[in-house]
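The structure appears right after this line, and notes come after that.
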Amino acid sequence: MFFIIKMKRIYIAFAILILVGMIYMSKVETIPVTAIELKEPTYTIVIDAGHGEPDGGAVSKDGIREATLNLEVAQELAKEMDALGYNIIMTRHDENNIADENQQDSVRKMKVSDISNRVKIVNSSDADLCISIHMNKFASERYYGWQTFYNKNSEYNKILAEEIQAGITNNIDRKNDRVALNIKDIKLTDESKIPTTIVECGFLSNPEDLRLLQTEEYRAKLVSGIIEGVENYYSKIYGEE
Ligand SMILES: [Zn+2]
């Protein structure tokens, strides 16, 4: 009898555990992700240079700041795409973050306001897609190369990220077996209502990446690769030449 009661208690405890687990999982699963509806192309593109002072993003051993390199790549990309006839919207135009003036007194508040302003720009832009430029960093120096990221809530995100990954690989003569990766819990890619990808251009923790990313020549190849990816995305999605 005692044994049976004890067993029952264990079963009940187990059942409660499963129930709590299921409720928790269902909450995790119901984090709102924005579905994307495709419309007629406007040939407008949002280019987002990640971070912005005083948020420098990743910083290399010798003090090279991600925010600076992001802006350089973003501006060079904007210039080339503008020359090709695209309308470009930049989320930031200088070294500073874009948080509201009254949110600058703490780093946390600044970052929250900064990223929500970026999402606002993207979602009120009427653009066809958004490219967010970032630089990676890792504890080991070994890892190098570019990689794109997307939220799998839409197939368009995936196609855009895959095309840009392939475009860069096609334009830079260095080995890179990375594939576009699905990520979540990143506000920009979670909440963007247009196809969006994050392009991590390279690792500031890798000496060769760091050297190359500071040369205009290498960045030009990166930019050509991103553009090739964007153009292949357009022809895949809208069936154009
Ligand atoms: Zn970053």
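Within the option set Ser140, Ser132, Ser125, being surrounded by 17 or more Cβ atoms within 10 Å (Cβ to Cβ), in the same structural domain as Val230 (by TED's automatic domain parsing) and assigned to a loop (DSSP other than H, G, I, E, B) holds for one residue only, Ser125. Checked against the criterion of being closer than 28 Å to Ile64 by Cα, surrounded by fewer than 17 Cβ atoms within 10 Å (Cβ to Cβ) and hydroxyl-bearing (Ser, Thr, Tyr), the candidates Thr189, Thr197, Thr215 yield just one match: Thr215. Filtering the stretch 20-34 for residues that are within 20 Å of Asp190 (Cβ to Cβ) and modelled with pLDDT of 95 or more leaves an empty set. Residues of the stretch 113-131 that are under 18 Å from Ile198 (Cα atoms) and either among the aliphatic types (A, V, I, L, M) or over 18 Å from the mean Cα position of the chain (by Cα) (or both): Ile115, Val119, Ile121, Val122, Ala127, Leu129, Ile131. Remark: Tyr218 falls outside the filter, which requires a residue to be modelled with pLDDT under 95 and over 14 Å from Cys130 (Cβ atoms). For the stretch 96-122, a residue qualifies if it is of a type in the set (Gly, Ala, Ser) and either assigned to a helix (DSSP H, G or I) or in contact with a Pro (Cβ under 8 Å, 6 or more places away or on another chain) (or both), and the qualifying residues are Ser113, Ser116. Scanning the stretch 60-81 for residues that are more than 20 Å from Asn117 (Cβ to Cβ) and within 11 Å of the ligand (Cβ to nearest atom) gives Arg65, Leu69. Is it the case that the stretch 82-89 has a residue that's assigned to a helix (DSSP H, G or I) and modelled with pLDDT of 95 or more? Yes - at least one qualifying residue is present in the stretch 82-89.
The set of residues in the stretch 175-193 that are outside any loop (DSSP other than H, G, I, E, B) and under 11 Å from the mean Cα position of the chain (by Cα) comprises Leu181, Asn182, Lys187, Leu188, Thr189, Asp190.
The values are calculated or read from the model by the stated rules, or taken from the named source; none is laboratory data. Since the structure is predicted, the reported quantities are computational estimates derived from the model, not experimental observations. Positions of Cβ are generated from backbone atoms using ideal geometry, with glycine treated the same way; all protein chains shown enter the neighbour counts.
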